[in-house]
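Trainee: Here it is, the structure, as structure tokens.
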Amino acid sequence: MHDEPLNPDKLSQSAMEHLDQRIVRALETVPEPQIPADFATRVASRLPARLPVSLTPTHYGQNAMLIGTVVSLVALLVLALHSTGHAAFGLLESLLFAQFIALAVWLSVWRHSSR
């Protein structure tokens with residue numbers, strides 16, 4: 001049957017039924033996967049080594065908030081000393097004051113929540 005052509009005109013009805021049964025049997029057969037015993041160790045040996053985790057906490061955000069608070073306070077003091085009554089200085093002073101208040105509140109909330 002391996003060397004015979006699959007021309008339906010030349011095949012008998014029983015040969016076609018036999019071929020159909022073989023095809024259906026081959027398609028319905030569930031394959032059984034075979035995993036080698038050392039598969040997990042081979043995969044694990046190919047993984048890169050883990051880097052050590054830093055256990056010391058960094059406080060970059062807290063330091064940035066402290067620096068921002070100090071800088072905005074200094075800018076507020078400089079603008080208050082040299083204010084000439086211009087509307088632009090009043091707007092800039094108001095924005096810096098709002099930033100100063102926001103940073104101070106954020107810093108105080110962050111400190112109380114980290115306890």
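Trainee: Please indicate, with yes or no, whether at least one residue in the range 34-50 is part of a loop (DSSP other than H, G, I, E, B) and modelled with pLDDT under 80.
Mentor: Among the residues of the range 34-50, not one is part of a loop (DSSP other than H, G, I, E, B) and modelled with pLDDT under 80, which makes the answer no.
Trainee: Mind checking which pairs have a first residue in the range 33-61 that is over 30 Å from residue 107 (Cα atoms) and a second that is of a type outside the set (Lys, Arg) and at pLDDT below 90, Cβ under 6 Å, 6 or more apart or different chains?
Mentor: Close Cβ pairs (under 6 Å, with a partner that is of a type outside the set (Lys, Arg) and at pLDDT below 90) do not exist here.
The values are calculated or read from the model by the stated rules, or taken from the named source; none is laboratory data. Just so you know, these numbers come straight off a predicted model, no measurement behind them. Here Cβ is always computed from backbone atoms with ideal geometry, including for glycine, and neighbour counts include all displayed protein chains.
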